[in-house]
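All remarks here apply to the structure that follows.
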Amino acid sequence: MTAALTFREAVRERLGVNPGVIVGDGRVHRFPTKPSGSDDAGWYVLHDDNLPIGVFGCWRSQTSETWAAREQSSLSIAEQEAYRQRVASLAAVRKDELARVRREAAARAAAIWSEAVPAGGDHAYLQTKQVAAFGIRQSGDNLVVPVRINGEIASLQFIGLDGAKKFLSGGAIAG
């Protein structure tokens, strides 16, 4: 079995989803983690060369795992050092990609927030909870609640008439 196929099986086993065709080019690739295929929260990076190693995870669940085709104990000292450097490189790639996703989501959040109107107290969710619409907005039937990090809008939470809550895809919700 090739490293890419073994890697795909590891992703499937640990995340419970099939990431599809695996490309071992050392770049970040995304895949859906919901059965509906309506998201791209899953991600992986695979270096498929003489020392196949990769990392994968899900941004929604904030999980990540490192994978290697060979056990570390079977590697020579030089290979172990190459492995450590590759893991550090993968961590940096993952961090950079997450930062990019967060920046894009923050920009989308700011645009949605600026177009939303101040929420009135007549929204069904607010009526049910018997709370005022303090500091929130409304877009269509959804209440729009800002998620602020260091005073800046990083993401949004949407609350429907039925009370269903969703966060903006890719947005930071902690930090």
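The values are calculated or read from the model by the stated rules, or taken from the named source; none is laboratory data. From a predicted model like this one, the values you see are computed outputs, not experimental measurements. Virtual Cβ from ideal backbone geometry, glycine too; neighbours counted across all protein chains shown. Accessible surface is based on the protein model in full, side chains and every heavy atom, while ligands, DNA and RNA are left aside. Shrake-Rupley method; radii C 1.70, N 1.55, O 1.52, S 1.80 Å.
List of remarks:
- Taking each residue as 0.36 nm, the span from PHE134 to THR66 lengthens on full extension beyond its C-alpha to C-alpha distance by 20.1 nm.
- Rg to Rh, two decimals, where the range 18-175 supplies the alpha carbon set and Rh follows Kirkwood: 1.14
- Helix 3-15 axis versus longest C-alpha principal axis of the chain: approximately 40°, rounded to the nearest ten.
- Most positive-pole-ward Cα, VAL131, VAL117, ALA69, against dipole of the range 23-175 from beta carbon charges: VAL131
- Highest-first arrangement of 126-135, 163-172, where packing means the average Cβ count within 10 Å: 163-172, 126-135
- Sequence-separation-based contact order of the range 1-121, relative, with Cα cut under 8 Å and 6+ spacing, percent: 16
- Extending 7 Å from Cα along the Cβ direction at THR6 and again at SER36 yields two label points whose distance is 3.7 nm.
- In the chain, helical runs assigned H by DSSP with n ≥ 4 each contribute -39500 (n - 2.57); averaged across all residues and rounded to the nearest 500, the mean residue ellipticity at 222 nm is -11500 deg cm²/dmol.
- Protein accessible area in the chain, 1.4 Å probe - carbon and sulfur %: 51
- Charged neighbours of VAL28, selected by a Cβ distance under 13 Å, balance to +1 (K, R count +1; D, E count -1).
- Each peptide in 155-162, 54-61 gets a packing score, the mean of other Cβ atoms within 10 Å over its residues, and the list from highest to lowest is 54-61, 155-162.
- Once both labels are positioned 7 Å from their Cα atoms along Cα-to-Cβ, the gap between ILE77 and LYS165 label points is 5.5 nm.
- Extent along principal axes [Cα atoms of the range 57-145; Å; largest to smallest]: 68, 25, 17
- For the range 120-175 and the range 74-104, distance of Cα centres in Å: 36
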